Amino acid sequence: VWFRKIKIDLVHLNSMKAGFYGSLAGRLAGLPVVWDFKDIISADFFPAFNRRLVVKTGNTFVNRLVANSQAIRDAYIAQGGLPEKVDVIINGIELDQFHPSSSGESIRVELGLTEDTPVISIFSRLDRWKGHTYFLQAAARVASEFEDARFLVVGALTFDDQAYVDELHDLTRELNLEDRVIYLGFRQDIAYLMAASDIIVHASTLPEPLGLTPMESQAAGKPVVAVGAGGVLETVADGETGLLVPAKDAGAMADALLDLLRHPERRKKMGEDGRTRAESLFDLNVNARRVQDVYTSLLEAT
């Protein structure tokens, strides 16, 4: 009734919970329904009952699903989803915001870092599956060769797991990294922190549905060392815009970081190629128009 009252023509659902409730409401109102799908439907993230419910909802009440990566689409279809209903449209990012011309000088001054200090950063909420422990272990190896290297941990605790935060700080002390690892917590100046970094790390232990950090890093003109799984396989060109490593492998991560630190020209080239890749694949305006095309096709067919 509310949809009809305010003359809604199409329903776009932007989360898992919204998909369950909004798709049924949209169908009852006789409206086309688009579900923006951001999750990999697998046993890593969802119990069997929830996976069946998600797929049943999508197949029955949704006209089109917009998957943020091919990995998301493949997982949905593997669970019984209808392939013809799913379009892959990668989330766009603000290319003007994350730009190689952004200066990280003020951040380095704030943190007491010189222009020549090697800075390696991880951007992620403090969640166990984001792989901070492997980042710290890799940092210890890097620090043994590059004693002046500094490691930024950017992100805050978003779920009630203070024990994990305590474990990270304990591990930092055990690895003798107290003077090298800087915990910055929640920050809004992500683009400038990336500009202040030499290399950016993505360390998740489970496949990311998409992984915005590697995308933003490439847009910022920074090389990425990333776990090669899930959507990251689609956004990072291994050996060209970053180096992909196995999950839960601090040794491989350290080797990749050391390789890039030893070869600054390679880092620079990867950063330049990353920006080019971002401009061709991640432009927010282009990808928004692709979503609009989905709307148009459904409205014309209705």
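Name every residue in the range 152-165 that is touching a Lys or Arg at 6+ places or on another chain (Cβ under 6 Å) and surrounded by 22 or more Cβ atoms within 10 Å (Cβ to Cβ), in order of residue number.
The answer is 154, and nothing else.
Of the residues 208, 178, only one is touching a helix residue (DSSP H, G or I) at 6+ places or on another chain (Cβ under 9 Å), open to solvent by less than 30 Å² (accessible area, probe 1.4 Å) and acidic (Asp, Glu); which?
Just one listed residue meets the conditions, 208.
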Please name all residue pairs, on different chains or six or more residues apart, with Cβ atoms under 7 Å, provided the first residue is in the range 41-67 and is touching a residue at least 24 places away in the same chain (Cβ under 8 Å) and the second residue is part of a helix (DSSP H, G or I) and open to solvent by 50 Å² or more (accessible area, probe 1.4 Å). 57/20; 61/24; 61/27; 67/73
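Okay, residues lined up against (1) open to solvent by 20 Å² or more (accessible area, probe 1.4 Å); (2) within 13 Å of residue 253 (Cβ to Cβ):
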residue: 97; (1), (2): yes, no
residue: 108; (1), (2): yes, no
residue: 114; (1), (2): yes, no
residue: 117; (1), (2): no, no
residue: 121; (1), (2): no, no
residue: 130; (1), (2): yes, no
residue: 141; (1), (2): yes, yes
Only one residue in 201, 227, 232, 294 is without any contact (Cβ under 8 Å) to a residue 60 or more places away in the chain and open to solvent by less than 30 Å² (accessible area, probe 1.4 Å), so which one is that? 232
Just to be sure before I move on: is residue 40 of a type in the set (A, V, I, L, M), over 18 Å from residue 297 (Cβ atoms), within 22 Å of the chain's Cα centre (by Cα) and part of a loop (DSSP other than H, G, I, E, B) in the structure I sent? yes
Take the residues in the range 68-84 that are assigned to a helix (DSSP H, G or I) and without any contact (Cβ under 8 Å) to a residue 40 or more places away in the chain; name whichever of them is surrounded by the most Cβ atoms within 10 Å (Cβ to Cβ). 76
Name the residues in the range 90-116 that are within 18 Å of residue 271 (Cα to Cα), part of a loop (DSSP other than H, G, I, E, B) and not aromatic (Phe, Trp, Tyr), would you? 94, 95, 96, 97, 99, 100, 101, 102, 103, 104, 115, 116
Can you tell me how many residues within the range 266-283 are within 12 Å of residue 198 (Cα to Cα) and either open to solvent by 30 Å² or more (accessible area, probe 1.4 Å) or in a loop (DSSP other than H, G, I, E, B) (or both)? 3
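The values are calculated or read from the model by the stated rules, or taken from the named source; none is laboratory data. What you see is a predicted model, and the numbers here were worked out from it, not measured in a lab. Positions of Cβ are generated from backbone atoms using ideal geometry, with glycine treated the same way; all protein chains shown enter the neighbour counts. We work out accessible area using only protein heavy atoms, side chains counted, and drop any ligands, DNA or RNA first. Shrake-Rupley method; radii C 1.70, N 1.55, O 1.52, S 1.80 Å.
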